[in-house]
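So the structure is just underneath, and the comments pick up after that.
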Amino acid sequence: MTVAQRGGLIASVVLAVLGVAAVVGGIGYGVTVEGGEIGPGFLPAFSGGLVALFALLDLVGRLRRRTDLPTQAELILDTVEPVRTGHGGVIGYTPGDPGAVSTGTEAFHVPDTGDDLDIFGRTQKQRNRMLAVVLGLVVVALIAVQLVGFLIAFVLLIFVIAVVVEGRKVLPAAIVSVAAGAVTYAIFVALLRVPLPQGLLGII
Amino acid sequence: MIDNLILGFSTAFTAENLLWCFIGVLLGTVIGLMPGLGSTTGVAILIPLTLTLEPVTALIMLAGIYYGAQYGGTITSVLISTPGEAASVVTTLDGYQMAKNGKAGSALAISAIGSFVAAIISLALLMALAPPLADLALNFGPVENLAIMILGLIIVVSFAGGALSRGLMMAAAGLLISTVGVATGFSDARFTFGNINLLGGIPFIEVMIGLFAIGEVLHQIRMGADAPIRTRFRDMVISRSELKRSAGPILRGSGIGFVLGILPGAGSTLASFMAYGIEKRVSPRKAMFGKGAIEGVAAPESANNAAANANFVPTLALGIPGGGTTAVLLGAFTIYGLQPGPRLFETQPTLIWGLLVSFFIGNVMLLVLNLPLAPVFAQMLRIPYGYLYPIILLTSFVGAYSVSNNMFSVLLVLIFGIIGWIMKELDLPMAPLVLGLVLGPLFEKALVQTSALGQGSFLILLQSPISVVVLLFAVALMVGPKIAARVAVRRSPRPTRTPISDDEREDAR
Amino acid sequence: MKSRTPLAAAGLAAVSLFALTGCGASAEPAADGAPSGNVTMVVPMGAGGGSDQSGRAIASGLEEGTGLNISVENREGGSGAVGYSYFLSQNGKSNYLLASETALLALPVTQDVEFTYEDFTPIMKLGDDYTLLVVAPDAPYDTCSDVVDAAKDERVVAAVSGATSLDEIVFTLVESDQDVEFDRVPFESGSEVLTALLGGQIDVASLNPSEVVAQLEAGDLKALCAFSEERYEYEALSDIPTAKEQGIDVAFAQYRGFIAPGGITEDQTQYWIEAGQAYEESDAYTEYIESNYLQANAVYGDEFSEYLAGNTADLEVVFAE
């Protein structure tokens, strides 16, 4: 079972549990009110029930599908999701590689390309690390908003991502990030008068 | 009628009005380019700018902002998969795929052309038929709205894509998310866990920015950078065959949009989703949908523009806003000392006809401005992704913040960004979730009202002729394709790409 | 239509003005309770609505009188709860104001929020927005008493624009005063109620005059009574009798006004009250009141607090179910 297949199963289980919880919550809010009219709990219970139902159906489908290959007829009828070639070309899939992502159906169509480098020659593992770093930096920037203010925090974010994560040259990265900040300032602060948080520094 | 048109043109065609119309369209486009800032916010925030102008001029400028902001949202939907408002969510499905295939220019051009055609058709209908149509629209009460909503949900089901259960699961999840907060007609706070920021619910704008913009950025980082799209300028221009293929979708989209736009509340989001769903049913190239079909951009774009214009039917003829932006525009009327209402056509003919004609001019300007600019905007994709995505992060978060001036929105965007990324990795469709989220409150309101009117019984749905017709249409949509597929299978020995319902696809497994 | 000088450059000038004022937050020492630096008018609702309009009108009126620079900030969410909570965190800062209406009183009664009106400093109530009972022109009612009588033995469907909205409060007060019951259908805004009334889906509605005056003039609706203390003085509304004249002892208004944060000094409170009094004298005030068909009952400071206390008591009765 690949990571994505396992992820899909986990997602379905989580949604099923959430759905059931919503049904319970909805009943608590009152599905109907006096006179049998729709109450505030109806839609939560109704949609929660649907989420749980479809998540279970999906779960069953995923468990069953794992062993069946799609038939030629299904392929002709377009019942199987097509191979999605994303921005990065064909999505690679190597069994056993914990980083590889592929959905159940893709696995049947996509030939193993083996090499999985992007145009900068970065491996999947490196890109996974990049993703973690970018997410971490965003969280840091959001915390920094309290300190240096919204615009400065995000201009720094652009600069750091460009230089550290993407390996861009310092000068162009600085120019781009400051320019982006300036345009944002012009539109949001000057024209639309959005009160962006200024943080403890209180400059802009 | 002719007199009125002449009056309108002579009012709108002054150098000053044309200038302000142009400024409005330009400012609107820039605002629409910012994630989170749609036409409603754009118009509301810029009203103070217009206070020094003549009322006609001010309204002309505001209408320009309205149209401009809508088109700006389309540009970001196509280029970076970030819809400006719920009505352009559908545009991302095929528009973004077209951009990835190097056809961003065509996608933008067809949106401009489709919007223009839709605007002209709907304006002509608006001018000719506003008062009688408005009376007709009044017949759509809660009961009829519920029927329309059911029809809408069924059409969505029909284009949920290959895996039906996953589409339905996400639509239901969207409905569920929409129940957070205080419901219409009740004072119970649901699923807020004591957080006052959640009392008003989870706003779909933040969810949309998170799922689409942030989710896509995270997904792309994980997928690895691709070479910036390099196509020759010539290839960015729309081709004749693409234009030909789009004619039908544009006309059908305009029709659907206009009809739904007249109904107060039904709105342009539903119109764009329905136009896409219907196009996917009738198109001979339905397999291309979701992979960059130009029809999948033309139809919803025309629909939401036609709906936006049709929104003015109840606004001008009854003094009742048909949607968010028209509500803000009505507010502007009172600021200029005009009382919107059923008599506006009689008491302020210069203003009304000037405004209607200026809608026309605004759309012409938008087309003139954007047809040549479409390839230029498409060049944005040449920016190395290493620069582009941090900038997308910045504008997304600032845009989210500016919706309600609250850091909580920024947090929501981050959370839904991570959810969106997980959904992309797991191949879970996002459009049904957004539709569920947008329709949820409307659906719940119609349910509560219908049940209150029927004193707990839904038989009232069968007592209104309009709702019966709508429901019959919904049943036909559900059953029709199955019958058609069976007939087709009987006729040809080999299964072909004839319409086949998703239910059967599921069964086939 | 007023004639205004058409200045093609005005808008652009305004844009650049915004750019200049955006960064100039100079901190002058306060004298006589005047706030230092720029003043912020918080609007706890979204841009474009009634609260937003009143917030912007008050801000520009006060700006004119005081010479201060007052900018408007929309902090929407939770039917106003987010904005008021944000305002609560500005305790002690006299350069913050908030455009307030009845949500300030309804929220603490119906929701789990951390504030009541006592946490803030009430400054000025501009006026009252009462409601009119309106029906379709061919409806079989001519007075509000007719409607009440009808409700005694048949089903009268009343539309309300929310569970804690002004019309819900008014209908509940009528019910307890007259011992009848209306069948409610909830909507989300006054304009939705209006649509349903014009479309014949509901029987009666209780709407603000500004929401229905155009329909009344056009003869698309008729007004049976006004839930106000006194008749309206506006020409278009002066023929409408009050509910009290018809034997229904109900008058309840949504107020429009502004408040300052709690914990500001006596001088600072006095400064804003005087600024409000100056605003009441101005043409801008009259124009705002008249274009929104309010009844101009301005009260200040402690008197405003008493008004809020009285209304809170009413609301507690209405929502104590």
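The values are calculated or read from the model by the stated rules, or taken from the named source; none is laboratory data. Since we're looking at a predicted model, the values are computed, not measured. As a convention, Cβ positions derive from the backbone with ideal geometry for all residues, glycine included, and neighbour counts pool all protein chains shown. Ligands, DNA and RNA are stripped out before the accessible areas are found, and what is left, the full protein with its side chains, is counted by its heavy atoms. Shrake-Rupley method; radii C 1.70, N 1.55, O 1.52, S 1.80 Å.
Under 17 Å from the 7 Å Cα→Cβ point of A:Thr32, by amide nitrogen: which residues of segment B:426-460?
Those under the cut-off are B:447-460.
Once you've got the Cα coordinates, tell me which of A:Lys169/B:Lys291; B:Lys103/B:Lys280; C:Lys125/C:Lys152; C:Lys152/C:Lys244; C:Lys152/C:Lys222; B:Lys280/B:Lys424 are over 29 Å apart.
A:Lys169/B:Lys291; C:Lys125/C:Lys152
Report, largest value first, the span of the C-alpha coordinates of chain C along each principal axis, in whole Å.
67, 48, 31
Could you tell me whether segment B:341-404 comes out rounded, prolate or oblate from its Cα gyration tensor? Rule is a ≥ b ≥ c as square roots of the eigenvalues, rounded for a/c under 1.5, then prolate if a/b exceeds b/c, otherwise oblate. The partial results should precede the final answer.
On the way: a/c = 8.43, a/b = 1.94, b/c = 4.35.
Oblate shape, in that a/c is at least 1.5 and b/c is the bigger or equal ratio.
Can you compute the FRET efficiency between A:Ile10 and B:Ala287 using 1/(1 + (r/R0)^6), with r the Cβ-Cβ distance and R0 = 35 Å? Round to the nearest 0.05.
Numbers: r = 31 Å, r/R0 = 0.89.
About 0.65, to the nearest 0.05.
Which one, C:Gly257, C:Gly200, C:Gly67, has the greatest fluctuation when you compute a Gaussian network model over chain C with C-alpha springs under 10 angstrom?
For chain C, modelled as a Gaussian network with Cα springs under 10 Å, the answer is C:Gly67.
How far is it, in nm, from the label point at A:Ala21 to the one at C:Asp179 when both lie 7 Å from their Cα along the line to the Cβ?
In this crude spin-label approximation the distance works out to 5.0 nm.
When a/c is below 1.5 the answer is rounded, else prolate if a/b is larger than b/c, else oblate, so apply that to chain B with a ≥ b ≥ c taken from the square roots of the Cα gyration tensor eigenvalues. Please list the in-between numbers first.
Details: a/c = 1.29, a/b = 1.13, b/c = 1.14.
Note, shape of chain B comes out rounded.
Computed FRET efficiency, Cβ-Cβ of C:Tyr234 and B:Ala124, R0 51 Å: what is it to the nearest 0.05? Spell out each step's value before the answer.
Numbers: r = 39 Å, r/R0 = 0.76.
That pair, C:Tyr234 with B:Ala124, gives E of 0.85.
Remind me, relative contact order of chain B in percent, using alpha carbon pairs under 8 angstrom and six or more residues apart?
Computed over chain B, the figure is 27 percent.
Which three extents, in angstrom, do the Cα atoms of segment C:132-246 have along their principal axes, listed largest first?
34, 29, 28
Please give me, ordered by residue number, the trypsin sites (Lys or Arg not before Pro) of segment C:115-157 that lie in loop per DSSP and have at most 14 other Cβ atoms within 10 Å. Intermediate values should be presented prior to the final figure.
Numbers: sites: C:Lys125, C:Lys152, C:Arg155; in loops: C:Arg155.
Within segment C:115-157, the qualifying trypsin sites (Lys or Arg not before Pro) (loop, at most 14 other Cβ atoms within 10 Å) are C:Arg155.
Along Cα→Cβ, 7 Å out, is where each label goes; now give me the distance between the ones at C:Thr116 and C:Ser210 in nm to one decimal.
3.0 nm
Roughly how big is segment C:76-165's charge dipole about its Cα centre, with Cβ charges of +1 (Lys, Arg) and -1 (Asp, Glu), in debye to the nearest 20?
Details: 4 positive and 14 negative charges, 78 e Å.
Charge dipole, segment C:76-165, about its Cα centre: 380 debye, nearest 20.
For segment B:185-202 and segment B:385-434, what is the separation of their C-alpha centers, rounded to whole Å?
A separation of 22 Å, based on Cα centres.
Calculate the FRET efficiency for B:Phe473 and B:Leu371 from the Cβ-Cβ distance with a Förster distance of 41 Å, rounded to the nearest 0.05. Mind dumping the intermediate values first?
Numbers: r = 36 Å, r/R0 = 0.89.
Efficiency, from the Cβ-Cβ distance: 0.65.
Could you bin all the Cα-Cα distances of segment B:47-199 into 10 Å bins starting at 0 and give me the percent of pairs in each, rounded to whole numbers?
Taking every Cα pair in segment B:47-199, the percentages come to 9, 20, 31, 30, 10, 0.
Provide the buried accessible surface between chains B and A in square angstrom, both chains summed, 1.4 Å probe, rounded to the nearest 100.
Details: alone 21480 and 14050 Å², together 28090 Å².
Buried: approximately 7400 Å² between A and B.
How big is Rg to Rh over segment A:3-63, alpha-carbon atoms, Rh as the Kirkwood inverse-mean-distance radius? Before the final figure, lay out the partial values.
Numbers: Rg = 14.1 Å, Rh = 12.1 Å.
With Rh from the inverse mean 1/r over Cα pairs, Rg/Rh is 1.17.
Only Lys, Arg, Asp and Glu count, each charged at its Cβ (+1, +1, -1, -1), so figure out the dipole size of chain B about its Cα centre, rounded to 20 debye. Can you show the working numbers first?
Details: 29 positive and 25 negative charges, 370 e Å.
That gives chain B a dipole magnitude of about 1780 debye.
For segment A:124-191, what Kirkwood radius comes out of the mean inverse Cα-Cα distance, in Å? Write down the numbers at each step before the final one.
On the way: mean 1/r = 0.0791 Å⁻¹.
Taking the inverse mean of 1/r over all distinct Cα pairs, segment A:124-191 comes out at 12.6 Å.
Defining a contact as two alpha carbons under 8 Å apart and six or more residues distant in sequence, what relative contact order in percent does segment C:132-246 show?
Values: 181 pairs, mean separation 41.7, N = 115.
Normalised by residue count, the contact order of segment C:132-246 is 36 percent.
Rounded to the nearest Å, what's the spacing between the alpha carbon centres of segment C:56-100 and segment C:171-244? Just the number, please.
31 Å
For segment C:91-144, which GluC sites (Glu not before Pro) are in a loop by DSSP, counting at most 13 other Cβ atoms within 10 Å?
Hits after loop and neighbour filter: C:Glu114.
Find which of B:Gly354, B:Leu439, B:Asn139 sits farthest along the positive direction of the dipole of chain B, computed with +1 on the beta-carbon of Lys and Arg, -1 on that of Asp and Glu, about the Cα centre.
B:Leu439
Residues of segment B:347-366 with backbone nitrogen within less than 15 Å of a virtual label 7 Å along the Cα-to-Cβ line of B:Asn4, please, listed as ranges.
B:347-360
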